[in-house]
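**Q** For reference, the structure I am asking about is given below.
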Amino acid sequence: MAAMKETITQVAIDLFFQKGYFATSISDIARGCGIQKASIYYHFASKEALLFTIMYSTMQDLLTCLDRYLARSTEVAERMRAAVRSHVSFHLERQKETFIASSELRGLSPDHLSILIEKRDAYERIFQELIHEGVAQGVYAAGEVKILSYAILTLCTAGAFWFRPDGRLSVDAVATIYENFVLNGLTAGQTRWSLAPAHLNQRPAL
């Protein structure tokens, strides 16, 4: 039974990645597994429950991967480097699941969405704490920590949309490029000007 549940999950991942969640039917998944449609419901209450299972396990694995990478160092810059490598590598090696997790949130029920958002927020806070620590130690330039964390994670997540396993660069090579880019940005000199909200509405002088 466990083997069939895993088969259903893997077939669903492939189909959600190829066709999209909403364009994939339970019949498509059953056909891909070589079973009757009704058999799907023995393992999953609905297609949405299957989507949630994929997303939740992916998020949990992402958190576990990050913890494992962070345990390798206590130095703040190296911990951020490890965090970026973890995030990039995970998204490239688990490309289908992370693509689904990023693009199919609208398919979740409000309750399931709330659970995923709570997990995501906990993950984001780890990056924010790393930035706070680096600023406090004078390793990183001061800035809007939440915005910086969103920028880093958005940048590092994007690889799941374009990476090709048979392409020119390996996962390790791509992760190294991202590491250097993020660390260089965080350690840049202090910005000597601020953009107040009022400036957003000012027209440049002609």
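Every number here is computed from the coordinates shown, using simple stated rules; none is lab data. Values in this document were obtained by computation on a predicted structure and should not be read as measured data. Glycine gets a Cβ as well: all are built from the backbone with ideal geometry, and neighbour counts include every protein chain shown.
**Q** To the nearest 10 degrees, how steeply does helix 2-19 sit against the main Cα axis of the chain, on a 0 to 90 scale?
**A** Here the helix axis deviates by roughly 60 degrees.
**Q** About its Cα centre, how strong a charge dipole does the stretch 99-150 have in debye, to the nearest 20, once Lys and Arg get +1 and Asp and Glu get -1 at the Cβ?
**A** Dipole size: approximately 80 debye.
**Q** Considering only 71, 141, 122, give the residue with the highest GNM mean-square fluctuation for the chain, with springs between Cα atoms whenever their separation is below 10 Å.
**A** Its mean-square fluctuation being the largest, the pick is 71.
**Q** Which entries in the list 47/119; 5/47; 19/96; 19/119; 5/37 go over 18 Å, if you measure between the two C-alpha atoms of each? Can you show the working numbers first?
**A** Values: 47/119 21 Å; 5/47 13 Å; 19/96 12 Å; 19/119 26 Å; 5/37 13 Å.
Result: 47/119; 19/119 exceed 18 Å.
**Q** Further, regarding this structure: Looking at the chain, identify the longest residue range that excludes and avoids all chymotrypsin sites (Phe, Trp or Tyr not before Pro) in DSSP loops having at most 11 other Cβ atoms within 10 Å.
**A** Details: sites that count: 22, 193.
The longest such stretch corresponds to 23-192.
**Q** Taking the chain as a Gaussian network, Cα atoms linked when under 10 Å apart, which of 36, 128, 60 shows the biggest mean-square fluctuation?
**A** 36
**Q** Follow-up. Rounded to whole Å, give me the distance from the Cα center of the stretch 36-90 to that of the stretch 94-158.
**A** Rounded to whole Å, the Cα centres lie 13 Å apart.
**Q** Relative to the compact-globule scaling 2.2 N^0.38 Å, provide the ratio for the alpha-carbon radius of gyration of the stretch 1-114. Spell out each step's value before the answer.
**A** Numbers: Rg = 16.3 Å, N = 114, 2.2 N^0.38 = 13.3 Å.
Cα Rg divided by the expected 2.2 N^0.38 Å: 1.23.
**Q** Something else now. Springs between alpha-carbon pairs under 10 angstrom, Gaussian network model over the chain: which of 94, 79, 31 fluctuates most?
**A** Sorting by GNM fluctuation, first place goes to 31.
**Q** Output the 0 to 90 degree angle, nearest 10, between the alpha-carbon long axis of helix 76-93 and the longest principal axis computed from the alpha carbons of the chain.
**A** Once rounded, the angle reads 30 degrees.
**Q** ³J(HN,Hα) across the stretch 116-126 via Karplus (A = 6.51, B = -1.76, C = 1.60, θ = phi - 60°), whole Hz, x for Gly/Pro?
**A** So the J values, rounded to whole Hz, are 5, 5, 4, 5, 4, 4, 4, 5, 4, 4, 4.
**Q** With a cut-off of 8 Å between alpha carbons and a minimum separation of six or more residues, what is the relative contact order of the chain in percent? Please report the intermediate quantities before stating the final value.
**A** Values: 164 pairs, mean separation 46.9, N = 206.
Relative contact order, the chain: 23 percent.
**Q** Next question. Which one of 3, 167, 185 has its Cα pushed farthest toward the positive end of the charge dipole of the chain, where Lys and Arg give +1 and Asp and Glu give -1 at the Cβ?
**A** 167
**Q** How far apart, in nm, are two points set 7 Å out from the Cα along the Cα-to-Cβ line at residue 6 and at residue 146?
**A** Taking the two extended label points, one gets 4.1 nm.
**Q** Rounded to the nearest 500, what is the 222 nm mean residue ellipticity of the chain from helices alone, with -39500 (n - 2.57) per DSSP H run of 4+ residues and division by all residues? If you can, show how the numbers build up before the last one.
**A** Details: 10 runs with 144 residues, N = 206.
Rounded to the nearest 500, it is -22500 deg cm²/dmol.
**Q** Find, among the GluC sites (Glu not before Pro) in the stretch 83-174, those assigned to loop by DSSP (not H, G, I, E, B) with at most 11 other beta-carbon atoms within 10 angstrom.
**A** Working: sites: 93, 97, 104, 118, 124, 129, 133, 144; in loops: 104, 144.
Hits after loop and neighbour filter: 144.
**Q** Next up: Work out the length of the dipole vector of the chain about its Cα centre, built from +1 on the beta-carbon of each Lys and Arg and -1 on the beta-carbon of each Asp and Glu, and round it to the nearest 20 debye.
**A** 400 debye
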